[in-house]
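All remarks here apply to the structure that follows.
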Amino acid sequence: MMNRTTIIEVVLISLVAGAILHYAEAACDPLQFTCTNGKCISDRWFCDGANDCGDNSDEVHCNVDPSFRCPVGWASCPNRRRCILSSWMCDGRKHCPVVSEETQCELKSLLLRRRKSGTMADRWGPQVSRIAVALHLADNSTFGPGNSTGEEIRYELAMQLTRRLAKTTKMSSQELALYIHALLVACMDPSDFYGDNLVKELRKRVEASGNYTNPFLILVLCNAGDAMTDRDVERVTSAYDSQLRPFWTDSQALASMALSCISNSNGVSVDDRILKDMLQELKRRQFMNGTVDNFRTTALVTQALLIYDSYKKDFDLDSAIKVLVNGLNGTKSLLTAYYALPVFHEKSLLNVSSSHCSKQKDEEDDPIQKILDIDGETITVQYSVWMGDEINLARTWRLKIRVNSTIYDAIETVAKIDNRQKVEYNVVDRKPYVAALNGKEDDPEMGMFWFVYLKPLNSDEEPKFVEESPADVKLAPNQEIILWYKRGPWNVHSQVQRKAKSS
């Protein structure tokens with residue numbers, strides 16, 4: 001007979017052994033599937049048609065309807081026919097039938113590899129607007145708090161667009177629309193981009209357009225929250241039916257998405273039958289092998305057919321997905337990722353919005369505002385760098401700076417934005433005078449010097465030479481500061497040279 005002490009020891013050992021067994025069952029290996037009952041099975045047994053768990057939890061989400069939304073902690077396969085654990089995404093192993101979930105990861109990696117080393121303002125290249133949209137549609141946390149990639153893209157997007165707006169060459173409406181979409185997903189307001197209302201500008205261009213309007217422009221305006229009109233409905237439907245672009249099904253897909261967006265906006269009535277007829281016509285464009293004209297068009301049509309879950313009838317979604325995957329087996333480009341990635345994540349260009357952004361963003365979250373630490377009342381000025389007697393425009397920036405700022409303040413502000421614009425000075429009587437920019441120095445032997453000029457912004461007036469130190473000249477709103485490297489009369493610099501000798 002066991003005494004009381006022995007019984008207590010046996011009970012304790014049993015409890016410890018049970019706890020260890022329970023922990024072993026609960027903490028499954030990453031390559032295993034944790035059943036609802038706590039049992040661990042190989043991920044290879046997941047969705048193999050057998051009840052390996054004993055409670056059938058390994059077979060529950062194996063053959064779902066494409067419109068089914070996977071539970072929290074689960075992710076949808078590219079063909080939307082199965083849900084897998086989110087932790088299995090991008091682990092290098094295939095868990096989805098037909099099309100591997102790793103395809104999505106490869107496309108996202110392709111976009112992330114676009115990042116180059118170098119200055120913070122030029123790492124993502126000229127297609128940063130498309131990169132921003134594609135990454136957001138693949139992962140809506142890209143521009144969330146603490147995401148360093150999103151912060152970097154947001155900053156470069158702001159820098160690139162600021163420079164682009166300041167160029168004398170007017171950007172196309174399509175380019176402007178791409179930037180507006182990117183600003184939306186990056187949580188920047190395109191209606192007030194440092195004083196510029198880009199949405200209003202795009203609307204003005206649409207209103208001035210002729211008989212044909214690119215439906216992408218209407219889609220962007222609608223996504224940006226611009227008021228839609230009956231005339232917009234006419235523009236979209238006319239673009240869909242236009243004979244100017246026969247067989248350009250991609251534009252018809254964009255028109256369908258634009259009309260769907262309009263139908264969900266306030267103040268405009270859209271006949272659903274028109275939209276459904278448009279979508280039905282898109283389905284008829286699919287060939288037996290699943291292709292709709294080409295890779296890009298297949299992706300855009302599949303995006304459009306997410307409207308009303310239209311792909312569920314008279315459209316071979318599995319074949320379309322295979323077309324996209326097979327197309328990716330060749331040369332992968334940024335554009336292939338931009339068009340295909342949303343499809344693999346059950347998204348479309350209709351999902352471009354700022355709804356994921358914080359409703360009350362702090363001013364310091366603004367990428368330029370944060371860098372420049374601007375507060376209080378501001379004015380808008382432009383800063384340009386000209387090179388040579390023939391005025392070769394090197395760079396231009398549009399800035400918001402504090403009231404009563406000087407030319408010197410503006411020069412140093414640009415240097416904070418882009419460290420390649422660092423200016424060196426000759427200091428005379430404790431006053432700075434520009435002597436070099438980005439390593440380009442005054443060259444007395446060649447007669448080449450840095451001069452500072454001022455002129456009213458967007459005027460035909462001749463720039464006026466500034467003889468004073470940049471630190472002594474306060475700026476007025478809407479002035480353009482010009483740093484101009486050119487040949488000049490010696491007497492321009494003689495005043496500075498005399499001051500230098502006397503000091």
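The values are calculated or read from the model by the stated rules, or taken from the named source; none is laboratory data. Model, not experiment: these values are computed from the prediction. Counting neighbours? That spans all protein chains shown, and the Cβs are built from the backbone with ideal geometry, glycine included. Areas reflect the complete protein model, heavy atoms only, side chains present, ligands, DNA and RNA absent. Shrake-Rupley method; radii C 1.70, N 1.55, O 1.52, S 1.80 Å.
By how many nm would the segment from Arg123 to Glu441 grow when fully extended, if each residue of separation counts as 0.36 nm and the alpha-carbon distance is taken off?
Between Arg123 and Glu441, full extension yields an extra 111.8 nm.
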Rounded to whole Hz, the Karplus (6.51, -1.76, 1.60) HN-Hα couplings of the range 294-306, x for glycine and proline: 7, 4, 4, 5, 4, 5, 5, 5, 4, 4, 5, 6, 5
1.4 Å probe accessible area per residue over the range 47-161, in Å²: 41 Å²
Inter-probe distance in nm under a simple model that places probes 7 Å from Cα toward Cβ, at Glu377 and Lys474: 1.1 nm
Loop trypsin sites (Lys or Arg not before Pro), the range 293-328, which have at most 16 other Cβ atoms in a 10 Å radius of their Cβ (DSSP): Lys313
Contour excess over end-to-end distance, with Cα ends at Asn326 and Asp230 and 0.36 nm allotted per residue: 30.5 nm
The range 84-138: trypsin sites (Lys or Arg not before Pro) falling in loop per DSSP and having at most 11 other Cβ within 10 Å: Arg113, Lys116
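Of the chymotrypsin sites (Phe, Trp or Tyr not before Pro) in the range 178-276, which ones lie in a loop per DSSP and count no more than 16 other C-beta atoms within 10 Å?
Of the chymotrypsin sites (Phe, Trp or Tyr not before Pro), the ones in loops of the range 178-276 whose Cβ has at most 16 other Cβ atoms within 10 Å are Tyr212, Phe247, Trp248.
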Amide proton proximity set for Glu424, modelled H, under 5 Å, gap of 5+: Ala435, Ala436, Leu437, Asn438
Over 26 Å (Cα to Cα) - which of Lys94/Lys322; Lys116/Lys204; Lys116/Lys422; Lys170/Lys283; Lys116/Lys347 fall in this group: Lys116/Lys204; Lys170/Lys283; Lys116/Lys347
